[in-house]
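J.: Have a look at the structure that comes next, please.
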Amino acid sequence: MKINEVTVKEASLGQLGAGLKGLKQGWQAAGQPNQPVKPGASGIDTAINTLKAKPNTGILGKIGGAFQGAKAGYQIAGAAQIQSKQIKDITTQVSQKWGAYNQKIKTNTGADATREQAVAWLTQFFGGQKPTSQPAGSNPVQIQQWLQKEVAGYMANQEVAAAQTQQPAAELPDITKLNREELLQLKQQLQAA
């Protein structure tokens, strides 16, 4: 069975749940019909007149709104799942590197690294960007939870920074070799713009 070109087997329960939630929200967003729709020809006329008077209202508008809501909910949940998987994968890699570092500390001192050492290590790992918090403790579960939160925040900050980065302006032409007439033409063009 296909739902909007995605098989049900490929869709996760979270995406389907978000689609159903979107279905309900779209239905509600479409609003209530002005008049009750009665069975028979007069009911159809009422529904059509309601749609003409107020688009996206009436039963047809509600069905369209529900479909749009379901589609949006499904797509958003899919994107969120992709992002969550990336965070999980990167956190796993960071945790492995942390484990190797922690083992060095444990070998040298006989104890796990402290919270402060974890913060210092992650700051260095992130290229000098300090974490926004400290781990609740130094046991592996607390470090793992903290790393997941910090990796997610770091990734979000990187995406925002990348989106805000502007391309450098094009290099201006060298006007030092223009003669007087060419300079006057350039000045007129600039003033006209």
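J.: Looking at Pro168, Pro173, can you tell me which residue is modelled with pLDDT under 85 and within 30 Å of the chain's Cα centre (by Cα)?
T.: Pro168
J.: While we're here: Could you check the range 136-160 and list, in sequence order, the residues that are closer than 13 Å to Thr91 by Cβ, modelled with pLDDT of 90 or more and touching a helix residue (DSSP H, G or I) at 6+ places or on another chain (Cβ under 7 Å)?
T.: The answer is Ile143, Gln144, Leu147, Gln148, Glu150, Val151, Ala152.
The values are calculated or read from the model by the stated rules, or taken from the named source; none is laboratory data. Nothing here was measured: the structure is a model prediction, and the numbers come from that model. Here Cβ is always computed from backbone atoms with ideal geometry, including for glycine, and neighbour counts include all displayed protein chains.
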